[in-house]
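See below for the structure under consideration.
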Amino acid sequence: MTQKQKKFIAGIAVFSLITGIYPAANAMHIMEGYLPVTYCIAWGIFCLPFFATGFIKIRKTLEENRRAITLLAMSGAFIFVISSLKIPSVTGSCSHMTGTGLGAILFGPCSVSILGMIVLVFQAILLAHGGLTTLGANTFSMSVAGPFVTYGIYRLCRKCKVNQTISVFLGAALGDLFTYCVTSIQLALAYPSETGGAAASAVKFLGVFAPTQIPLAIVEGLLTASIVICLESFAKAELKLIGYKKEA
């Protein structure tokens, strides 16, 4: 790595340490004990195929190119930092950026399921952000559903010859929004409205999330696009080794 690349990675690490240790414990993804046990188990089971695929994909990537571990670690640090900055929203949850779009674009959505799960475990233990019982639900919404939408939109935009930076922005922003659509559905299924059922409850959750989450999604899209631009300037060799290509 060049001196500029080392300084870039060091800067991200320092930023992670400074902003990642955030003392609030009253705002979370879906907090510990908030979901019934059956829902916790079900969401955890839904995540297992993605964990298996992600583990195999990450191992293959690192076997083919050990230098990819730098970008992989940076993607994980970005998820940790950005998803730790939270704004209280619905009871038992919160609004925050996810940070998973970057990893999904660079390594594919399945790899991000592993990165996101690791981040959520550390946040639950160290920051009281989320919970171990709700790990499956939080992982599915933030590290499975969102990244797949991000990757799908990004690839679709590139096939349609949309500008690279705009493609990254749209993928990251809409992936963030979809994460909270899934979170709203998860909460609605666990706590349906007495009058309108789960559908009515989901609409209510979405309505409360929207005022804070839409601006945050836009910010996440801009941040992700900015980081990709920086990587294209300072880490071209690493991007080429992991198969990321800037198409004309």
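What to note about this one:
- Backbone phi angles across region 183-195, fed through the Karplus curve with coefficients 6.51, -1.76 and 1.60 (θ = phi - 60°), yield HN-Hα couplings of 4, 4, 5, 4, 5, 5, 5, 6, 9, x, 5, 5, 9 Hz in residue order; Gly and Pro are listed as x.
- Averaged per residue, region 126-248 has 46 square angstrom of accessible surface, using a 1.4 angstrom probe with ligands and nucleic acids left out.
- Cross-link pairs Lys86/Lys240; Lys57/Lys161; Lys161/Lys240; Lys60/Lys240; Lys86/Lys204 - those with Cα-Cα distance over 22 Å: Lys86/Lys240; Lys57/Lys161
- HN-Hα J in Hz across region 99-105 - Karplus 6.51, -1.76, 1.60, θ = phi - 60°, x for Gly and Pro: x, 7, x, 4, x, 5, 6
- Kirkwood-Stokes translational diffusion coefficient of region 72-202, alpha-carbon pairs, 37 °C, 0.692 mPa s, µm²/s: 219 µm²/s
- Solvent-accessible surface ranking, highest first, for Lys240, Lys204, Lys57, Lys86 at 1.4 angstrom: Lys240, Lys204, Lys57, Lys86
- Pairs of alpha carbons in region 33-149 whose separation is greater than 23 Å (percent): 26 percent
- Heavy-atom accessible surface of Val37, to the nearest 10 Å², is about 110 Å², with a 1.4 Å probe and all protein chains retained.
- Selection from Gly146, Gly175, Ser226, by position along the positive dipole direction of region 136-248 (Cβ): Ser226
The values are calculated or read from the model by the stated rules, or taken from the named source; none is laboratory data. Computed from a predicted model, the values in this text were never measured in an experiment. Glycine gets a Cβ as well: all are built from the backbone with ideal geometry, and neighbour counts include every protein chain shown. Accessible surface is based on the protein model in full, side chains and every heavy atom, while ligands, DNA and RNA are left aside. Shrake-Rupley method; radii C 1.70, N 1.55, O 1.52, S 1.80 Å.
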